[in-house]
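Input: a single structure, listed below in structure tokens.
The values are calculated or read from the model by the stated rules, or taken from the named source; none is laboratory data. All values reported here derive from a predicted model rather than from experimental measurement. Quick reminder, even Gly has a Cβ in these numbers, built from the backbone with ideal geometry, and neighbours come from all protein chains shown. Heavy atoms of the whole protein, side chains included, go into the accessibility calculation; ligands, DNA and RNA do not. Shrake-Rupley method; radii C 1.70, N 1.55, O 1.52, S 1.80 Å.
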Amino acid sequence: MGQIKVIVKRQVNSSLEPYHEEYAYDGSPHISVLNLLEYINMNMARLAEKAGANRKLQYQSSCEQGLCGACAMVINGTPGLACRTFCHDIVDKSGCILLEPLSKFPVVSDLIVDRSIIYESMKELKLWVEGNAVYRAKSHNNQYQAAQCLQCGCCLEVCPSYARNDLFVGPVGAVNAMNVFQMSQQSEHKQDVKKQYKKKFYGDCVKTGACEKICPAEIPVLGVISESNYVSVWKIWQLFGSAK
Ligand code: FES
């Protein structure tokens, strides 16, 4: 494999226009995209196509093991984790790698986006357990898998129903709601979460399964959503049904 052309969509900050910058990467293809970004930053003057380029690439990372979700970005058109994606797997026939920020969040700078809307919507849904948590052996497996959610935003990137500033919270909300439904005792708080879930998720999910395919934590999202629906909506329907 010869030289790789790396194209990065850049933006100094949210008030300035984005632009693309190219780098001619000449090292081994057997490195992660995260390491590629580090390499470019260390050799910016030599690799940048544009003479005089010296503004370091801005991106986020922490664990470098696929555990924190910080490095999520769009890699050759597909959202994923830069630390878990390897150049030799994704370089296309023309020898290019295109790196862009997640498109459904405001850009802070280059590949860094502001994902605080995820945390805000989780607060609005009141996704926490009040009082002692209940252990339910039957749902333990799903609970464990749902707890792997990185809140990285990859599922929202591919979700056809999710749009920024919309009421719909997307799969990340549904996955995290499942743990509250299973671990909370019956309480006013739990009823509140169910109502919010119905309002902000249940009616708008079109169940394409794109979220499950893209999830870097390999969460069986559709199964978890089914369980959340069962607990929050179906049981309410049964109550009404049996009352008739
Ligand atoms: S740096 Fe933590 S998931 Fe990539």
| message | Return the pair list, or none, for Cβ contacts closer than 7 Å from residues in region 1-25 that are part of a loop (DSSP other than H, G, I, E, B) to residues that are modelled with pLDDT of 95 or more and among the small types (Gly, Ala, Ser), at least 6 apart or on different chains. | response | GLN3/ALA24; GLN11/SER109; VAL12/SER109; ASN13/SER109
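Give me a count of the residues in region 28-42 that are over 19 Å from ILE112 (Cα atoms) and either modelled with pLDDT of 95 or more or in contact with a helix residue (DSSP H, G or I) (Cβ under 6 Å, 6 or more places away or on another chain) (or both). Lay out the reasoning, then the answer.
Applying the first criterion (over 19 Å from ILE112 (Cα atoms)) to region 28-42 yields 28-31.
Checking which are either modelled with pLDDT of 95 or more or in contact with a helix residue (DSSP H, G or I) (Cβ under 6 Å, 6 or more places away or on another chain) (or both) leaves us with 29-31.
Total satisfying the criteria: 3.
Before we move on, is LYS194 closer than 21 Å to LYS104 by Cβ and either open to solvent by less than 80 Å² (accessible area, probe 1.4 Å) or not in a loop (DSSP other than H, G, I, E, B) (or both)? Please lay out each step first, then the result.
Working: closer than 21 Å to LYS104 by Cβ: no; either open to solvent by less than 80 Å² (accessible area, probe 1.4 Å) or not in a loop (DSSP other than H, G, I, E, B) (or both): yes.
The answer is no for LYS194.
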| task | Go through ILE225, ILE214 for me and flag whichever is within 16 Å of the ligand (Cβ to nearest atom), crowded, with 16+ Cβ neighbours inside 10 Å and at pLDDT 85 or above. | result | ILE214
| request: Look at region 174-191 and say how many of its residues are of a type outside the set (D, E, K, R) and open to solvent by 10 Å² or more (accessible area, probe 1.4 Å). | output: 9
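What strands (runs of 3 or more DSSP E), lying completely within region 67-173, carry at least 2 residues that are of a type outside the set (A, V, I, L, M, F, W, C) and either at pLDDT 90 or above or crowded, with 21+ Cβ neighbours inside 10 Å (or both)?
Values: elements: 72-75, 78-81, 96-100, 107-109.
Correct list: 78-81.
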| Name the pairs whose Cβ atoms lie under 9 Å apart, with the first residue in region 53-65 and at pLDDT below 95, the second near the ligand (Cβ under 10 Å from one of its atoms), and 6 or more positions between them or separate chains? | none
| Out of (1) small (Gly, Ala, Ser); (2) open to solvent by less than 20 Å² (accessible area, probe 1.4 Å); (3) within 16 Å of the ligand (Cβ to nearest atom), what's the single condition that is false for ALA53? | (3)
